[in-house]
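This report refers to the structure that appears directly beneath it.
Any read-out appearing in this document is the output of simple, stated calculations on the displayed coordinates, not a laboratory observation. Please read these numbers as outputs of a predicted model, since none were measured by experiment. Virtual Cβ from ideal backbone geometry, glycine too; neighbours counted across all protein chains shown.
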C-alpha cells in the first residue's frame, strides 16, 4: 500500500498496525463521534479503500443486531474515508445519494470493514462509489453512493446565493 494514497492529515493508528485515522473526532459530542473510532487504509487495488468501525452494545437495536441507522451512518462516512484512500481529489464533498442493502445482520464485538471502490471521478466534482461491508469475512451490507465536491461551508459560495 502506498503512502501517496493515505488521506491528508491522517496518522498511523497507535494500536492497529497498517491502519490510519484522523486522531479521533475533535468534538466527542458530535454525531460522527457516536459511531466510534473509525480507521482506514488504502485497499489492495488502486482505486479502493477499506474503512473499519468497532460495533459495541450501544450500536445495537432492541433485537440485538447493529441498528440500521448506525450501519447507514458508518457507510456514509466510509464513502468519504474510503474514497480519499482510493485517490479522490482532496476537497470538501457532500453526499448526493447512498443506497444500502442489508444482506445479513451485524453484531457487536467484531469489526465491520467497508470495502470501498471509486468507480469514477468527474472533472466537475462528482464521485461515484460502490462497495460492501464485511464482518468476520462475511458480507453483511452492500452499498453504492455518489459525492459532490462543494466549497468548504466556512467559505461563502455554492448554497449562499442571493
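Look at 45, 148 and count the other Cβ atoms within 10 Å of each Cβ; fewest to most, that gives 45, 148.
The mean sequence separation of alpha-carbon pairs under 8 Å and at least six residues apart, normalised by the residue count of the chain, gives a relative contact order of 20 percent.
Only helical runs count toward this figure. For the chain, summing -39,500 (n - 2.57) over DSSP H runs of n ≥ 4 and dividing by all residues gives -4000 deg cm²/dmol at 222 nm.
When 13, 59, 99 are arranged by Cβ crowding within 10 Å, least crowded first, meaning fewest neighbours, the order is 99, 13, 59. Extension gain, residue 45 to residue 120, is 25.5 nm, computed as 0.36 nm per intervening residue step minus the present C-alpha separation.
Relative to the longest principal axis of the Cα atoms of the chain, the long axis of helix 68-86 makes an angle of roughly 50 degrees.
Taking label points 7 Å from Cα along the Cα-to-Cβ direction, residue 31 and residue 108 give a separation of 2.3 nm. For the pair residue 99 and residue 150, what calculated FRET efficiency results from E = 1/(1 + (r/R0)^6), where r is the Cβ-Cβ distance and R0 = 30 Å, to the nearest 0.05? Working from the Cβ atoms, E equals 0.90.
With a Förster radius of 22 Å applied to the C-beta separation of residue 58 and residue 15, the computed FRET efficiency comes to 0.65.
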